Amino acid sequence: MNFNKNIVYFLIILFSYLFLKNKLKESYGTSSGSSYSSIDSPMLNIYDQPLQSCGSSNMKNGSWDNEFKCSETTGGVHQICIKDISNNTTNFSKKTGQSNWSEKRGNDNHCVCLGAWSLYNTKNDVKNNILKCDAIPKIALSNKYVSKFSEGWNKWNGLELNDQIKNGVESLVKNCYKPNDNKSINLKNNYCNFARNVDVLKKSNLYKNLCL
């Protein structure tokens, strides 16, 4: 009798395991409007191409992953790749309420947080051609990083300014969008799809010029 009970318990556990495994596979295998169709898919950049490295083995660690990519999706959300940060964005870290680490980077690149990038652009006039655009993930232009109550464009260690997302996103687009470059069409579409759901972006001249 006990032997039969054990068989029943075993079958119940086995079927439960197979059911849950199948559900998880379905969950990760469909996109539901996301940019990624599988957890094994490579991360895309803002041009809908495979995400490129921000740094290299010749550079000191710049908040990137083990492939030198700005792939962080939680925590500080280090997703903006600035080229030669100490020279292109003077006193970046100090002006965003941190220690003066950015001035010690030499000529190295760095993955910076979305919120820090937005804050810096809100406080300073930032020149063009300072981003390694193919190293910026597409997911940066998603609703996941809009709320001022979670890490993203509008959040930065309690130092954030109202609607700083506008300055951060528009500076990214102005750095990376080239009208005569075919891949920029994808950036334009990604920006427009993102901006139409964010009031402060939707009301901007950049949105009207690029998206309407």
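Rule-based calculations on the coordinates, nothing more; no lab input. All of these numbers come straight from a predicted model, not from anything done at the bench. So basically every Cβ, Gly included, is an ideal-geometry build from the backbone, and we count neighbours across all protein chains shown.
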Check: With a sphere of radius 11 Å drawn around the Cβ of Lys148, what net charge do the other residues whose Cβ falls strictly inside it have (Lys, Arg +1; Asp, Glu -1)?
Finding: -2
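Quick one: if the Förster radius is 25 Å, what FRET efficiency do Glu67 and Asn124 give, using the C-beta to C-beta distance and rounding to 0.05?
Efficiency for this residue pair is about 0.25.
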Note to self: Taking the square root of 5 times each eigenvalue of the Cα gyration tensor, what semi-axes in Å does the equivalent ellipsoid of region 60-127 have, largest first?
What the structure shows: 18, 14, 10
Next item on the list: Could you grab the relative contact order for region 58-143? Cα pairs under 8 Å, six or more apart, rounded to a whole percent.
Entry: 34
Notebook entry, point to check: Hey, rough spin-label estimate for Cys211 and Asp181, points 7 angstrom out along Cα→Cβ, what's it come to in nanometres?
Noted result: 2.1
Next item on the list: May I ask you to list the aspartates and glutamates whose Cα is less than 13 Å away from that of Lys166, ignoring any residue fewer than eight positions away on the same chain?
Entry: Asp199
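Diagonalise the Cα gyration tensor of region 42-211 and give the resulting equivalent ellipsoid semi-axes, square root of 5 times each eigenvalue, largest first, whole Å. Write down the numbers at each step before the final one.
Numbers: eigenvalues 102, 71, 43 Å².
After diagonalising the Cα gyration tensor, the semi-axes are 23, 19, 15 Å.
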Next item on the list: Would you list, by chain and number, the aspartates and glutamates whose Cα falls below 19 Å from the Cα of Lys183, excluding same-chain residues fewer than 8 positions away?
Entry: Asp48, Asp134, Glu170
Margin query: Give me the one-decimal nm value for the distance between modelled label points at Asn157 and Lys174, 7 Å along each residue's Cα-to-Cβ direction.
Written below: 2.5
Checklist line | 27 Å Cα-Cα threshold exceeded, pairs from Lys127/Lys155; Lys94/Lys203; Lys104/Lys188; Lys148/Lys174; Lys104/Lys148; Lys138/Lys208 | finding: Lys94/Lys203; Lys104/Lys188; Lys104/Lys148
Checklist line | 12 Å beta-carbon shell around Gly168, net charge (K/R +1, D/E -1) | finding: +1
